[in-house]
Structure formats: C-alpha cells, structure tokens
Amino acid sequence: MPLPQITENLPFVKCLQCGIEFKQRGKNQKYCSKECFRVHLIERREKFNEERRLLRQKVQELWGRLEKKGPQAGRASEVFAKEFLQENGFHDVKLLDYFYMCPFDIVAKKDGTYYVFQVTTRTHCEVTRHLALAQDLGLRFFAVFVKPDLSGALLRELTKGYYELTLEEVETLK
Ligand SMILES: [Zn+2]
C-alpha cells in the first residue's frame, strides 16, 4: 500500500516574509524557509519592544518628571503622600525618614491595622526585598505613586516584586 501523499494537494502560497511563492509542506506553513521565519521572529520582537518603549514614553510624559531631585523633593513627595493617606482614611500616618535606612517610607493605621508604604515619584518601583520583609512582619505593603508636580497620587498594593503603572492608571489622574 503506498504512503499517502499528503503534501501533494497543498497549494503554493506567498511567504509572509519575503513574498516569494512556495509550495507548502504543511497546512500552517507561512514562511518559505527557516531563515524567513527567523527574520520574522526578530522583526516581531523589535516591533514589540518599540511599542513598549513608546508606551512607556507616553506614560512618562503624562506622569511628568521631577524638576529638582534630591532630599527636598523626596521630602515634599513624602509629605504629600502623608496627607493623601490621611484623606484616604488612614490615621497615625508617620513618616519614617528620621529612621536611617528604614526600608519603608511611611507606616499608618486603618481600622486598627498597621500598613507600610513606599513613596515614589516614578512610574514604577522594584520592591522585592522590602516586600519580603513586609510579608515576614505580616504587614501589607503599598506604594504611593506621587505625581512629580504634586497634583495627585495613586495607591497600589504591592504583592509582587515589581509594579509599573499602566497608561490607563496614569490617565485616571489627568
Ligand atoms: Zn521567504
């Protein structure tokens, strides 16, 4: 009994990468060669990276940047964060900046429970070790993302080592 010639009926199609017509060896084959498939993957990755870069740039533009850096700017954003937390129902809000090398910027209470906070004027924060400490202490850990022009803030719970504000989140403060 002869082997079925399954490739026999497959059509000629245009390679999505180079445009050359080729006879398909499988129904889902979209590229004429391994090389064209490889180039396609590279171009797709570059496009993805470029889209991500543009998105980050847009987020950054909407969010703004600190005009002046340094301890005073940091202090101003922490004081803003303190008031923001008080307005959002937290009490006993304490800035911990008097405590050298304290891993948290603020501690506050709500309904009798303590919470710890990191304050940042950036659009992302990396908190792996601090989060591990908060978890060991049984404390929920939040980031207060303060807009550099002090026009608003976003409160986000940190449950992973990294948090990055999305465009949608930043747009809520426009
Ligand atoms: Zn090709």
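Observations, loosely collected:
- Amide H contacts under 5 Å for Gln17: Cys32, restricted to partners 5 or more places along the chain or on a different chain, H placed in the peptide plane at 1.01 Å from N.
- Each Cα pair under 8 Å and six or more residues apart adds its sequence gap; the mean of these over the residue count of the chain is a relative contact order of 16 percent.
- DSSP beta bridges fully contained in the chain are about 75 percent antiparallel.
- Prolate/oblate/rounded label for the range 71-171 (Cα gyration tensor, a/c 1.5): rounded
- Of Lys30/Lys160; Lys109/Lys147; Lys82/Lys160, pairs whose Cα-Cα distance is over 32 Å: Lys30/Lys160
- With the helix formula -39500 (n - 2.57) applied to DSSP H stretches of n ≥ 4, the chain reaches a computed 222 nm mean residue ellipticity of -11500 deg cm²/dmol.
- If you sort the three axes of the alpha carbon gyration tensor as a ≥ b ≥ c, you get a/c of 1.5 or more for the range 74-118 and a/b no higher than b/c, which makes it oblate.
- Residue exposure sequence - Tyr100, Tyr31 - by fewest surrounding Cβ within 10 Å: Tyr100, Tyr31
- Straight-line reach from Lys94: taking Cα to Cα under 13 Å and skipping same-chain neighbours fewer than 8 places apart, the aspartates and glutamates in range are Glu78, Glu83, Asp105.
- Taking 17 Å as the straight-line reach from the Cα of Lys23, the lysines in range (excluding those fewer than 8 positions away in the same chain) are Lys14, Lys34.
- When Rg and Dmax are taken over the Cα atoms of the chain, they come to 26.1, 87 Å.
Taken together, the values in this text are just the output of simple stated rules run on the coordinates, not laboratory data. What you see is a predicted model; the values in this text were computed from it and never measured. Glycine also receives a Cβ, built like all others from the backbone with ideal geometry; neighbour counts cover every protein chain displayed.
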